[in-house]
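Contents: one structure, followed by commentary.
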Amino acid sequence: MHKKLFIPGPVEVRNDVLEKMATPMIGHRSKDASALQRSISDKIRKLFFTGEEILLSTSSGSGLMEGAIRSCTLKRAAVFSVGAFGNRWFEMARNNNVPADLFEVEWGTATTPEQVDEVLATGKYDLITITHNETSTGLMNPVEAIADVVKKYPEVVYCLDTVSSMGGTRIEVDKLGVDICITSTQKALGLPPGMSICSFSEKAIARAKQVPFRGMYLDLLALYDYIQKKDYQYPSTPSLSHMFALDYQLDRIMAEGIENRFQRHQEMAEYVRDWGRKNFGLFADARYLSNTLTNMKNSREIDVAALNQELGRRGFQISNGYGKLKDKTFRIAHMADCTMDELKELIGNIDDILKL
């Protein structure tokens, strides 16, 4: 039996989107392939609120995260972490021999503008990474306030991880001054895993040209240069199946209306938060709650694995806590094409199982 997914990704994917993955192949050096990529890029710019170039990578979001910190750090990177995925960005830097320092806060708390200002004021760093939405904790960083600080340091390339939030909440890339904004297909965009997307600013391009060893497959400058020279084609073979589905899904997102989509995510988040506060308590700082996932404290000391097992028999799946939060929290995702009715059905089943 298929379990309807309410986990932080992969998300539940509509059948019509899945069917687009089965579109017959075209040559990846053909004019049709170029037209497909241009179509995707034009729609992604609207969703990102950016005029910058768009890059696709046949990888998870981690691929472009690694590519960004390696391609655009000339001096030293400041990696701000609010959980597991911020820490991953630091590990990427270290394993690529990129000079970097980690600035981690207690899980469940946010990176503050004051913290960013204090670090950048040292003049030691020419690139920063921020996690917008941390699925391990259920926290969404205050990127609007952080943007005001980063703009004081025009020499700093700003990289933002929106892997689990882009398409589920408003992220105005150009207004925020983000140079490389990264997302993935399998979260709020509502597609299968396997492709990631980023914006790539003029500042990031200029910086990458100064960095001598950017790798190869994940060299963002090489991706950029190739699509300029070859009319929106890539140095290596992209996942055409994902591109067909992405182009189709972006049309669906535009038909729903970007603002309507954001509002739907907001309403679902508030519904799950209200239920969580009433029955368990929420893990993350109440000022910075995620719009795409809610992390509940396991204040009742329920057996999360047993709950999920029974939910599975009923056709649903949620997530245990991540890493050091396993069994101490549990998580319910509300993103992509999930509806309020589906959420209410899930919550009703949890209430029934736990006798809440």
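The values are calculated or read from the model by the stated rules, or taken from the named source; none is laboratory data. Computed from a prediction, not measured in an experiment: that's the story for all the values here. A quick note on method: Cβ atoms are made from the backbone with ideal geometry, for glycine too, and the neighbour counts reach across all protein chains shown.
Which condition from (1) surrounded by fewer than 16 Cβ atoms within 10 Å (Cβ to Cβ); (2) out of contact with any helix residue (DSSP H, G or I) (no Cβ under 9 Å at 6 or more places or on another chain); (3) not basic (Lys, Arg) is the one that Gly276 breaks?
(1)
The rows are residues; the columns are (1) crowded, with 18+ Cβ neighbours inside 10 Å; (2) not in a helix (DSSP H, G or I); (3) not assigned by TED's automatic domain parsing to the domain that holds Lys203.
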position	(1), (2), (3)
Val17	yes, no, yes
Arg29	no, yes, no
Asp32	no, no, no
Leu36	yes, no, no
Ser39	no, no, no
Asp42	no, no, no
Arg45	no, no, no
Leu56	yes, yes, no
Ser62	yes, no, no
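Which is out of contact with any strand residue (DSSP E or B) (no Cβ under 7 Å at 6 or more places or on another chain), β-branched (Val, Ile, Thr) and touching a residue at least 60 places away in the same chain (Cβ under 8 Å), of Ile353, Ile302, Ile347, Ile332?
Being out of contact with any strand residue (DSSP E or B) (no Cβ under 7 Å at 6 or more places or on another chain), β-branched (Val, Ile, Thr) and touching a residue at least 60 places away in the same chain (Cβ under 8 Å) holds for just one of Ile353, Ile302, Ile347, Ile332, which is Ile347.
Can you tell me which residue among Arg252, Arg300 is surrounded by fewer than 18 Cβ atoms within 10 Å (Cβ to Cβ), modelled with pLDDT of 95 or more and assigned to a loop (DSSP other than H, G, I, E, B)?
Arg300
With Leu282, Leu250, Leu289, Leu293 as the choices, which residue is in contact (Cβ under 8 Å) with a residue 24 or more places away in the chain and closer than 16 Å to Lys43 by Cα? Full working, then the answer.
On the way: Leu282 fails: closer than 16 Å to Lys43 by Cα; Leu289 fails: closer than 16 Å to Lys43 by Cα; Leu293 fails: closer than 16 Å to Lys43 by Cα.
After applying the criteria, what remains is Leu250.
Could you say which residue among Asn141, Asn97 is polar (S, T, N, Q) and on the phi > 0 side of the Ramachandran plot? Lay out the reasoning, then the answer.
Values: Asn141 fails: on the phi > 0 side of the Ramachandran plot.
None of the other options fit; the residue is Asn97.
Condition (residue is in the same structural domain as Arg207 (by TED's automatic domain parsing), farther than 25 Å from Met296 by Cα, in contact with a Ser or Thr (Cβ under 6 Å, 6 or more places away or on another chain) and among the β-branched types (Val, Ile, Thr)) applied to region 129-148: is it met by at least one residue?
no
Filter region 64-113 down to residues that are out of contact with any helix residue (DSSP H, G or I) (no Cβ under 8 Å at 6 or more places or on another chain) and part of a helix (DSSP H, G or I) and give me whichever is surrounded by the fewest Cβ atoms within 10 Å (Cβ to Cβ).
Per the criteria, the residue is Asn95.
The rows are residues; the columns are (1) touching a residue at least 40 places away in the same chain (Cβ under 8 Å); (2) within 21 Å of the chain's Cα centre (by Cα); (3) at negative phi.
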site: Gly190; (1), (2), (3): yes, yes, no
site: Ser201; (1), (2), (3): yes, yes, yes
site: Ala204; (1), (2), (3): yes, yes, yes
site: Pro212; (1), (2), (3): no, no, yes
site: Ile227; (1), (2), (3): yes, no, yes
site: Tyr234; (1), (2), (3): yes, no, yes
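Conditions: (1) at pLDDT below 95; (2) surrounded by 20 or more Cβ atoms within 10 Å (Cβ to Cβ). Thr294 meets all but one. Number of the miss?
Checking Thr294 against (1) at pLDDT below 95; (2) surrounded by 20 or more Cβ atoms within 10 Å (Cβ to Cβ), the one that fails is (1).
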